[in-house]
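Only one structure is covered here, and it is reproduced in the block below.
The values are calculated or read from the model by the stated rules, or taken from the named source; none is laboratory data. Note that this is a predicted model, so its numbers are computed, not measured. Every residue, glycine among them, receives a Cβ derived from its backbone with ideal geometry; neighbour counts consider all protein chains shown.
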Amino acid sequence: MAADSSQKWILMTTAQTPTNIAVIKYWGKRDEALILAVNDSISVTLDPQHLCTTTTVAVSPMFQSDRMWLNGKEISLSGGRYQNCLREIRSRASKIEDEKKGIKITKKDWEKLHVHIASYNNFPTAAGLASSAAGFACLVFSLAKLMNVQEDQGKLSAIARQGSGSACRSLYGGFVKWVMGNEENGSDSIAVQLQDEKHWDELVIIIAVVSSRQKETSSTSGMRDSVETSLLLQHRAKEVVPKRIIEMEEAIKNRDFPSFARLTCADSNQFHAVCLDTSPPIFYMNDTSHRIISCVEKWNRSEGTPQVAYTFDAGPNAVLIARDRKVAANLLQRLLYYFPPHSDTDLNSYVIGDKSILGDVGVEEMKDVEALPPPPETKDQIPAQKQRGAVSYFICTRPGKGPVLLSDESQALLNPESGLPK
Ligand code: DP6
């Protein structure tokens, strides 16, 4: 018997998906509805232990409509991006039979059955970290598993792309390229894994979540304005990025940190130059962002070869990639020196993620932060001004793995009896 509304079963799947940071940026669409980019982009997937989305999806003949809860609050699924992802996944659903549980769902049933979705970010959504990338990737990945979709990860990435462009790159761990593709229907605009997360595992990533009072322009509307008004964007997409993509792939393959850092910083700076070249101009970075750039540039120059790469998305937060753990400890020492927290802050909440780097810095409590010596590259200059409170907190992380299924039911976000958030 096919599924009918007198049946009481609930079928559930839970998955966890990482976020990613672009080192060659996606900025500009050639098709707004399908979300097709004007250039290829490359990203590093961040360790889901520190930054990820967990999503539980459930299906039941008892559900009256499709519903979604984000961080515990019900949100509307009526937006085109959600609808596109749901439609694309549903149309690829295949039959499921679980005799033990008495569940039988035919391909036809999936058109009528409703889903409940609960999603949770393990990092503050308000921090301006790419939550939509992990969110849409997790939605598509978990629905595909629930609905027994027999497509490879590349095909799934093309569906996640229709939720948010950068989401397609979160379907893989390690280093990922979003190939812009040529087809009008977007079928070849997919993510591919360049290298897995073990390939270059010395890298350490420190994110400075910068305090900001400013309401930022969304990526979606910002890039629309750039496409319409920035000549630099046209030049970047046609002339600059294609060459950079080749060089970046080579740098990643060879674990060539100086080239990787040079390309990452240059591409972040060009992306923000495109934003300035937009009418009206868009300012994503603030004074603190600029200070962090100066600090890294000065240090890299004093070392003779790059130790740290910086990159900034559509907001003031700095993502800093250190060549190894020793450099990361030196970096964190400098950051804590220049950007100490307000006096009432607990060190435990000021540095989160992989806190073990604090041990390498030799900092155990707040008084150790206050006692840090000025970085040697400032020795001939008037000591640089400390900016207390300019950074909200730091997250220490590393390159990480792609989506995974969580089979332990205790990790599910929906109640297995009611299908409502726990
Ligand atoms: C600056 O993927 O958020 O982070 O496709 O409109 O949802 P939509 O935009 P989104 O843009 C991300 C822009 C970026 C660069 C990047 O991640 O490549």
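Of all residues in the stretch 14-27, those satisfying the criterion of being near the ligand (Cβ under 7 Å from one of its atoms) and over 9 Å from the mean Cα position of the chain (by Cα) are 25, 26, 27.
The single condition from (1) within 29 Å of residue 408 (Cβ to Cβ); (2) surrounded by 15 or more Cβ atoms within 10 Å (Cβ to Cβ); (3) among the acidic types (Asp, Glu) that residue 40 fails is (1). Note on the stretch 371-411: residues that are surrounded by 11 or more Cβ atoms within 10 Å (Cβ to Cβ), outside any loop (DSSP other than H, G, I, E, B) and at pLDDT 90 or above total 11. Do we have residue 239 as modelled with pLDDT of 95 or more, more than 16 Å from the ligand (Cβ to nearest atom) and under 23 Å from the mean Cα position of the chain (by Cα) here? Here the answer is no, as residue 239 does not meet what is asked.
Specify which of the listed residues (361, 391) is in the same structural domain as residue 322 (by TED's automatic domain parsing), free of Cβ contacts under 8 Å to residues at least 60 places away in the same chain and either out of contact with any Asp or Glu (no Cβ under 7 Å at 6 or more places or on another chain) or more than 30 Å from residue 14 (Cβ to Cβ) (or both).
361
Rundown of residues vs (1) away from the ligand (no atom under 16 Å from the Cβ); (2) within 30 Å of residue 393 (Cα to Cα); (3) outside the structural domain of residue 352 (by TED's automatic domain parsing), yes/no style:
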position: 117; (1), (2), (3): yes, no, yes
position: 144; (1), (2), (3): yes, no, yes
position: 150; (1), (2), (3): yes, no, yes
position: 154; (1), (2), (3): yes, no, yes
position: 164; (1), (2), (3): no, yes, yes
position: 169; (1), (2), (3): no, yes, yes
position: 175; (1), (2), (3): no, yes, yes
position: 181; (1), (2), (3): no, no, yes
position: 191; (1), (2), (3): no, no, yes
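Each residue in the stretch 244-270 was checked for being without any contact (Cβ under 8 Å) to a residue 40 or more places away in the chain and within 17 Å of residue 305 (Cα to Cα), and 5 of them qualify. Of the strands (runs of 3 or more DSSP E) entirely within the stretch 33-82, those holding at least 2 residues that are within 18 Å of the chain's Cα centre (by Cα) and of a type outside the set (Asp, Glu) occupy 41-45, 52-60.
Just to check your reading of the model, which residue among 30, 87 is assigned to a strand (DSSP E or B), farther than 16 Å from residue 134 by Cα and more than 16 Å from the chain's Cα centre (by Cα)?
30
Selection within the stretch 158-188: residues that are without any contact (Cβ under 8 Å) to a residue 40 or more places away in the chain and aliphatic (A, V, I, L, M). The member of this set that is nearest to residue 42 (Cα to Cα) is 167.
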